[in-house]
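Structure first, commentary second.
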Amino acid sequence: MSGNFQPPVDARSLRSVALAVLCAGLLSQAAFADRVDPNSPLTKNQQSQLRKAASYAKKGRGDKASPIFNEILTTCTDLPKCIAVAGYTEQYGHSTVDARRAIMQRALELSRTYDDYILVAMKSRQYECFDVTRSAIQQLVSVANTPEQLSDLARKAHEVSMTDVAHLAMEKKYTVVKTVPGALEFANECHLLGFTDLERKCVKDLIDDEGNCSQLCMILRKIEPFKLKDLNRYLLKKALDQASSVEDFSNIWEAARRHNQKDIFDVAAFRGKKMQLMQRIQGDRAQHQQRVEEWKQGQDSAQNQVQKELGGGGMNNGF
């Protein structure tokens with residue numbers, strides 16, 4: 001019993017402890033309310049006003065929060081300030097939706113570079129301002145016109161996981177690709193970005209547009225790293241149809257062996273050997289015909305010589 005004994009607690013002591021805890025809480029809240037972010041592009045007063053607006057929003061008083069957000073927004077003259085203001089609206093859902101949309105729209109108007117538009121597209125998507133996101137994406141793609149600009153946009157968008165923007169940029173870039181080297185570079189870029197649909201479309205168009213067997217075999221060498229087995233076979237079959245020389249069939253034979261396409265390998269070998277045989281036969285015939293012509297010419301020359309000699313002797317003998 002004596003081991004479990006607890007001394008009586010004085011009620012006054014309890015009140016003192018409770019008061020101390022309450023004061024500590026109030027002091028903590030006051031400190032939080034006066035906290036200033038030194039790295040913020042906003043002034044101390046603006047941050048204070050925005051915390052007040054956020055407090056209203058937290059209580060569902062959007063009617064009181066929105067005027068404060070709107071007033072601060074009128075002083076925002078650059079993109080960083082708009083993004084900073086928008087950060088105060090993120091946690092409060094419907095009560096700040098109008099203010100948030102107005103802020104992101106203002107941010108869009110202040111955007112000037114690819115990075116600006118990408119940031120606005122990202123943030124407006126995060127804040128569920130999808131109309132602003134769509135406008136930012138349209139602006140991004142519309143201002144990029146050269147292959148270099150579109151590649152740069154695609155790379156930057158991909159780095160921040162905005163794959164839809166990167167895909168749109170690459171789609172637009174494909175419309176300005178006009179050469180085989182340019183198309184091969186485009187396909188490689190799509191391969192690195194993981195845009196398999198555009199990569200396959202580009203490779204198939206390359207195959208369909210090429211009618212020369214040796215060029216097709218050259219293209220095959222370039223697209224082999226993509227490991228598109230069905231399109232590699234598609235190319236080899238087309239090359240087989242376009243082949244017109246022993247060298248063509250030899251190139252196809254080697255490529256088919258490399259890609260383990262035995263049926264194409266066998267056909268290329270058969271047609272190549274057949275063409276070699278036909279060429280040999282044609283060569284033999286041409287040589288035989290040439291020898292016949294040479295023999296005929298020799299016979300005609302000899303006969304003419306005999307006639308000439310006989311004719312000349314007859315005149316000398318008085319015939």
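Just so it is clear, none of the values below were taken in a lab; they were calculated from the coordinates. All of these numbers come straight from a predicted model, not from anything done at the bench. Cβ coordinates were reconstructed from backbone atoms using ideal geometry, including for glycine residues, and neighbour counts include every protein chain displayed.
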For this session: With the condition kept exactly as written, say whether any residue in region 136-158 is more than 18 Å from the chain's Cα centre (by Cα) and outside any helix (DSSP H, G or I).
Result: no
Exercise. Can you name the residue in region 102-131 that is closer than 19 Å to Tyr92 by Cα and in contact with a Lys or Arg (Cβ under 7 Å, 6 or more places away or on another chain) and is also surrounded by the fewest Cβ atoms within 10 Å (Cβ to Cβ) among such residues?
Worked result: Tyr127
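Could you tell me which of the residues Cys213, Cys217, Cys202 is among the hydrophobic types (A, V, I, L, M, F, W, C), within 21 Å of Val177 (Cβ to Cβ), touching a helix residue (DSSP H, G or I) at 6+ places or on another chain (Cβ under 9 Å) and in contact (Cβ under 8 Å) with a residue 12 or more places away in the chain?
None of the other options fit; the residue is Cys202.
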For this session: Have a look at Met170, Met218 and point out the one that is of a type in the set (A, V, I, L, M, F, W, C) and closer than 30 Å to Ala269 by Cβ.
Result: Met218
Exercise. What single numbered condition from (1) in a helix (DSSP H, G or I); (2) touching a residue at least 24 places away in the same chain (Cβ under 8 Å) fails to hold for Leu192?
Worked result: (2)
For this session: Report yes if some residue within region 97-115 is within 30 Å of Ala183 (Cβ to Cβ), in a helix (DSSP H, G or I) and not β-branched (Val, Ile, Thr); otherwise report no.
Result: yes
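Table: residues versus (1) of a type in the set (Phe, Trp, Tyr); (2) loosely packed, with under 10 Cβ neighbours inside 10 Å; (3) farther than 30 Å from Leu168 by Cα.
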| position | (1), (2), (3) |
| --- | --- |
| Gly194 | no, no, no |
| Lys204 | no, no, no |
| Ser214 | no, no, yes |
| Phe226 | yes, no, no |
| Asn251 | no, no, yes |
| Gln261 | no, no, yes |
| Phe270 | yes, no, yes |
| Val292 | no, no, yes |
